[in-house]
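Novice: Next up is a structure, given as structure tokens.
Each value in this text was obtained by applying a stated rule to the coordinates, not by laboratory testing. If you're wondering where the values come from, they're calculated on a predicted model, not measured in any experiment. Here the Cβ positions follow ideal geometry from the backbone for every residue, glycine too, while neighbour counts run over all protein chains shown.
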Amino acid sequence: MLFTDIVGSSERVRMLGDDAWQLTLESHDRIAWKTIDRHRGAVVKTTGDGLLVTFGSPSDAVACAAVLRRELASIGVAIRGGLHAGEVVMRDDGDVSGLAVHLAARVAPAAEGSSIYVSSTVRDLLLGGDQTFADRGEHALKGIDGSWRLYQLSP
């Protein structure tokens, strides 16, 4: 799962105004949907200034996050993202639930600036692949027992 969030969205909407912000969100969504489709993802829902997306594999999720960050930066939109892999319960209304979803939702806010953070689970699943990750240490994630080692996806 990938959670994204536009960095500094409250400040940007205040500076731009509602109409210009709406245009920014429309551009964000157009780029995001195209990128997510290319990486075989499924948008579960939007979160106002972010997305919850599921993927069939962690490599697709990480590749999508990297491209999405780059494509959105080209239009002046910085995002942070958090990824985790685990069991997901599909709800009748199309939403997802389960501890893995909560964990992924807690990884994203830990990311600094326009970084993409992944849980140790994702990093371990991708060992030997093309992606490189920088260790960002142990983090206490709200509502999750223990601490989790998080890694930053290299640009």
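Novice: Considering Leu99, Leu103, which residue is farther than 17 Å from Ala61 by Cα, of a type outside the set (Gly, Ala, Ser) and touching a Gly at 6+ places or on another chain (Cβ under 8 Å)? Before you say what the answer is, go through the steps one by one.
Specialist: On the way: Leu103 fails: farther than 17 Å from Ala61 by Cα.
Every option except Leu99 fails the conditions.
Novice: Limited to the stretch 61-105, what total is found for residues that are surrounded by fewer than 21 Cβ atoms within 10 Å (Cβ to Cβ), farther than 15 Å from Met1 by Cβ and not hydrophobic (A, V, I, L, M, F, W, C)?
Specialist: Within the stretch 61-105, residues that are surrounded by fewer than 21 Cβ atoms within 10 Å (Cβ to Cβ), farther than 15 Å from Met1 by Cβ and not hydrophobic (A, V, I, L, M, F, W, C) number 6.
Novice: Please determine, by comparing only the residues of the stretch 120-155 that are assigned to a strand (DSSP E or B) and among the polar types (S, T, N, Q), which one is surrounded by the most Cβ atoms within 10 Å (Cβ to Cβ). Outline the logic, then answer.
Specialist: Taking the stretch 120-155 and keeping what is assigned to a strand (DSSP E or B), we get 133-140, 147-153.
Remaining after also requiring among the polar types (S, T, N, Q): 147, 152.
Working: Ser147: 11, Gln152: 18.
Once the filter is applied, the top-ranked residue is Gln152.
Novice: For the subset of the stretch 41-54 comprising residues that are in a strand (DSSP E or B), of a type in the set (Gly, Ala, Ser) and over 11 Å from the mean Cα position of the chain (by Cα), which member is surrounded by the most Cβ atoms within 10 Å (Cβ to Cβ)? Don't jump to the end; show me each part of the working.
Specialist: From the stretch 41-54, those in a strand (DSSP E or B) are 41-46, 50-54; that's our starting set.
Keeping just the survivors that are of a type in the set (Gly, Ala, Ser) gives 41-42, 50.
Those left that are additionally over 11 Å from the mean Cα position of the chain (by Cα): 41-42.
Details: Gly41: 24, Ala42: 13.
By that ranking, first place goes to Gly41.
Novice: Is at least one residue of the stretch 55-74 more than 27 Å from Thr132 (Cβ to Cβ), part of a helix (DSSP H, G or I) and in contact with a strand residue (DSSP E or B) (Cβ under 8 Å, 6 or more places away or on another chain)? Spell out the reasoning first.
Specialist: Residues of the stretch 55-74 that are more than 27 Å from Thr132 (Cβ to Cβ), as a first pass: none.
Taking every residue of the stretch 55-74 in turn, none turns out to be more than 27 Å from Thr132 (Cβ to Cβ), part of a helix (DSSP H, G or I) and in contact with a strand residue (DSSP E or B) (Cβ under 8 Å, 6 or more places away or on another chain).
Novice: Right, another one. Between a residue in the stretch 77-99 that is farther than 29 Å from Gln22 by Cβ and any residue that is β-branched (Val, Ile, Thr) and assigned to a loop (DSSP other than H, G, I, E, B), which pairs come within a Cβ distance under 7 Å, given they are 6 or more apart or on different chains?
Specialist: Gly98/Val88
Novice: A further question on this structure: Could you tell me how many of the residues in the stretch 1-20 are closer than 26 Å to Asp95 by Cβ and either touching a strand residue (DSSP E or B) at 6+ places or on another chain (Cβ under 7 Å) or part of a loop (DSSP other than H, G, I, E, B) (or both)?
Specialist: The initial filter retains those residues of the stretch 1-20 that are closer than 26 Å to Asp95 by Cβ, namely 1-7, 9-10, 13.
Now drop any that are not either touching a strand residue (DSSP E or B) at 6+ places or on another chain (Cβ under 7 Å) or part of a loop (DSSP other than H, G, I, E, B) (or both), which leaves 1-7.
Residues flagged as closer than 26 Å to Asp95 by Cβ and either touching a strand residue (DSSP E or B) at 6+ places or on another chain (Cβ under 7 Å) or part of a loop (DSSP other than H, G, I, E, B) (or both) within the stretch 1-20 amount to 7.
Novice: Within the set of pairs 6+ apart or on separate chains, which have a first residue in the stretch 49-62 that is small (Gly, Ala, Ser), a second that is buried (at least 24 other Cβ atoms within 10 Å of the Cβ), and C-beta atoms under 6 Å apart?
Specialist: If the second residue must be buried (at least 24 other Cβ atoms within 10 Å of the Cβ), the pairs left are Gly50/Thr4; Ala61/Leu2; Ala61/Leu83.
Novice: I've got another one for you. If you scan the stretch 111-128, which residues turn out to be in contact with a Lys or Arg (Cβ under 8 Å, 6 or more places away or on another chain) and farther than 15 Å from Gly86 by Cβ?
Specialist: Listed by number, the residues that qualify are Ala111, Glu112, Gly113, Ser114, Ser115, Ile116, Tyr117.
Novice: Just to be sure I understand, how many residues within the stretch 134-154 are under 15 Å from the mean Cα position of the chain (by Cα) and without any contact (Cβ under 8 Å) to a residue 60 or more places away in the chain? Reasoning before the result, please.
Specialist: Pass one, the stretch 134-154, residues under 15 Å from the mean Cα position of the chain (by Cα): 150-154.
Next cut, without any contact (Cβ under 8 Å) to a residue 60 or more places away in the chain only: 150-152, 154.
The qualifying residues number 4.
Novice: Return only the number of the condition from (1) part of a loop (DSSP other than H, G, I, E, B); (2) in contact with a strand residue (DSSP E or B) (Cβ under 7 Å, 6 or more places away or on another chain) that Gly86 does not satisfy.
Specialist: (2)
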